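The values are calculated or read from the model by the stated rules, or taken from the named source; none is laboratory data. Just so it is clear, the structure is predicted and the values come from calculations on it, not from any experiment. A quick note on method: Cβ atoms are made from the backbone with ideal geometry, for glycine too, and the neighbour counts reach across all protein chains shown. Ligands, DNA and RNA are stripped out before the accessible areas are found, and what is left, the full protein with its side chains, is counted by its heavy atoms. Shrake-Rupley method; radii C 1.70, N 1.55, O 1.52, S 1.80 Å.
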Amino acid sequence: MKIQFLQKEIWLQNKKYIVLTPAFHTKDIFACEFDKDMFMIFGNQQSLQYLACVLLIGADHRDKIIHVTNMEKDLPIHLHRFSHAKKNNELVFLHHSLQLNTHQWKELRQKANQQKGTVRSFEVNPRKFSDLDYDDYLMFHYKENKDKILMKRDYDTLFIIGSKIVFEYASGLFEPLSRTGAGSFLRSFGHDHYHLDLFTRNNQGLCVDYYDKALWNNHLKN
């Protein structure tokens with residue numbers, strides 16, 4: 001699967017940050033805080049495959065910040081019950097090693113929005129980690145494993161901060177959901193989803209849900 005980003009180089013307090021922003025469609029991606037430190041990401045088939053690719057690219061480029069922009073500002077009415085704020089959040093993926101202070105994000109984002117950037121293309125297989133078994137995930141059950149996702153929400157942005165292996169393994173849950181989500185909804189009119197709590201710290205939670213606005217609207221009409 002080929003996807004494109006705009007690459008931008010931003011200087012902030014004598015440090016250079018490389019920011020990738022999507023050149024692909026992101027209007028069908030939604031992110032919110034369901035409860036304190038419990039986060040949810042929604043997408044349709046194409047969006048979930050894009051997000052699997054974003055995680056894989058993030059895994060292999062620890063020097064880059066991936067900023068998923070151009071999302072809708074508000075959550076669709078169908079998703080209001082999953083967030084008290086009713087506002088959509090942009091997504092940022094980055095490695096722990098970048099040590100970005102999220103309080104700097106407003107200024108960094110403003111500078112990035114002022115740049116046109118240069119086009120970068122990536123060839124990614126969103127199914128690369130979709131066939132892992134129990135033994136593969138076993139390492140994440142142990143307290144000694146430090147490869148965990150940390151999440152923060154600030155400036156209407158959900159930061160997903162991790163490492164190579166946790167981004168790779170988490171990506172494997174997005175693509176299968178992209179293929180089963182529509183069928184599950186048509187059978188039961190519920191949200192097909194995966195909990196990614198195995199990859200998060202004990203005091204946080206992350207859930208990825210299938211959501212297709214057109215399907216939901218059609219169901220309500222009928």
(message) I'm checking my understanding of the structure. Among residues of region 36-79 that are without any contact (Cβ under 8 Å) to a residue 24 or more places away in the chain and either out of contact with any strand residue (DSSP E or B) (no Cβ under 9 Å at 6 or more places or on another chain) or of a type in the set (V, I, T) (or both), which one is farthest from Y194 (Cα to Cα)?
(response) I77
(message) Condition first: open to solvent by 20 Å² or more (accessible area, probe 1.4 Å) and in contact with a Phe, Trp or Tyr (Cβ under 8 Å, 6 or more places away or on another chain). Now tell me which residues in region 83-99 satisfy that.
(response) L98
(message) Among (1) in contact (Cβ under 8 Å) with a residue 12 or more places away in the chain; (2) surrounded by fewer than 16 Cβ atoms within 10 Å (Cβ to Cβ); (3) more than 30 Å from Q104 (Cα to Cα), there is one condition L173 misses while meeting the rest; what is its number?
(response) (2)
(message) Quick check on R179: is it open to solvent by 40 Å² or more (accessible area, probe 1.4 Å), outside any strand (DSSP E or B) and of a type outside the set (S, T, Y)?
(response) yes
(request) Please identify the pairs in which a residue from region 186-209 that is under 12 Å from G43 (Cβ atoms) has its Cβ atom under 7 Å from the Cβ atom of a residue that is among the polar types (S, T, N, Q), counting only partners at least 6 apart or on another chain. (result) D192/T180; D192/S184
(request) Kindly check whether there is at least one residue in region 56-67 that is open to solvent by less than 10 Å² (accessible area, probe 1.4 Å), assigned to a helix (DSSP H, G or I) and more than 24 Å from I18 (Cα to Cα). (result) no
(request) Determine the pairs where a residue that is within 18 Å of H95 (Cβ to Cβ) and acidic (D, E), located within region 131-148, has a partner that is in a helix (DSSP H, G or I) and open to solvent by less than 50 Å² (accessible area, probe 1.4 Å) with Cβ atoms under 9 Å apart, the partner being 6 or more residues away or on another chain. (result) D147/F140; D147/I165; D147/V166; D147/Y169; D147/F199
(message) Given the criterion surrounded by 23 or more Cβ atoms within 10 Å (Cβ to Cβ) and out of contact with any helix residue (DSSP H, G or I) (no Cβ under 8 Å at 6 or more places or on another chain), identify the matching residue among F39, F30.
(response) F39
(message) Just the residues that are in contact with a Phe, Trp or Tyr (Cβ under 8 Å, 6 or more places away or on another chain) and assigned to a loop (DSSP other than H, G, I, E, B), please, taken from region 4-24.
(response) A23, F24
(request) With respect to I18, determine if the residue is in contact with a strand residue (DSSP E or B) (Cβ under 6 Å, 6 or more places away or on another chain), open to solvent by 10 Å² or more (accessible area, probe 1.4 Å), farther than 24 Å from D197 by Cβ and among the aliphatic types (A, V, I, L, M). (result) yes
(message) If a residue must be in a loop (DSSP other than H, G, I, E, B) and surrounded by 15 or more Cβ atoms within 10 Å (Cβ to Cβ), how many such residues does region 184-201 contain?
(response) 3
